Amino acid sequence: MLTPEFSQLLVSNSGFLKPFAFNLTRDTEAASDLYQETLYKALANSEKYNSGTNIRAWLFTIMRNIFINNYRRKTKQKTIFDKSDNDFLLNQKQATVNNAAESEIRIKEINKAIRQLPEIFKTPFLLYFDGYKYHEIADVLNEPLGTIKSRIHFARKLLKEQISRH
């Protein structure tokens, strides 16, 4: 198919991809990356598209395959292969805590250190800790993005110093 015709067809039929990407990833930034990668792969493989084929189904398949491949890649990165006599796959996600009381003391120590942070660092850090992205925190606090990143960085640095003293 000719590139200008294919590009027009692609642009006019790609609107459904953004909600689908968000549905797969449940993360706005990851969905945006998935959407862009899908369009890139579609353009790069335009010669594989057959005229008359349902372009939405074709794009859907590309996006789904990219998502699955990325998921598989991530899970493989978190697995270690043990080269002992009896081969075992060790999953790094599995962590054990030897002493629950020790963990509780550590959590209390961290919470105390967070409460002692200056307010200018504490607020952005707590928002970041709650899962907000840098740009979302900047919008909420009406501050420049660089300022927010800097404050979170200094909050981490202060926490690290304070916790390592104990």
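The values are calculated or read from the model by the stated rules, or taken from the named source; none is laboratory data. The shown structure was predicted, so the numbers you read here are calculated from the model rather than taken from an experiment. Positions of Cβ are backbone-derived with ideal geometry, glycine not excepted, and every protein chain shown enters the neighbour counts.
Out of all the residues in region 39-63, which are in contact (Cβ under 8 Å) with a residue 40 or more places away in the chain and either touching a Ser or Thr at 6+ places or on another chain (Cβ under 8 Å) or under 28 Å from His135 (Cβ atoms) (or both)?
Ser46, Leu59, Met63
Output the residue which, of all residues in region 25-38 that are surrounded by fewer than 18 Cβ atoms within 10 Å (Cβ to Cβ) and of a type outside the set (D, E, K, R), is farthest from Lys133 (Cα to Cα). Before you say what the answer is, go through the steps one by one.
The initial filter retains those residues of region 25-38 that are surrounded by fewer than 18 Cβ atoms within 10 Å (Cβ to Cβ), namely 26-30, 32-33, 36-37.
The next check asks that each one be of a type outside the set (D, E, K, R); those that pass are 28, 30, 32, 36.
On the way: Thr28: 10, Ala30: 12, Ser32: 14, Gln36: 20 Å.
Residue satisfying both the conditions and the ranking: Gln36.
Give Leu158, Leu126 a once-over and let me know the one that is part of a helix (DSSP H, G or I) and either over 24 Å from Glu29 (Cβ atoms) or of a type in the set (Lys, Arg) (or both).
Numbers: Leu126 fails: either over 24 Å from Glu29 (Cβ atoms) or of a type in the set (Lys, Arg) (or both).
Exactly one residue qualifies, and that residue is Leu158.
Scan region 106-153 residue by residue and report those that are among the β-branched types (Val, Ile, Thr), surrounded by 12 or more Cβ atoms within 10 Å (Cβ to Cβ) and modelled with pLDDT under 90.
The answer is Ile110, Ile114, Val140.
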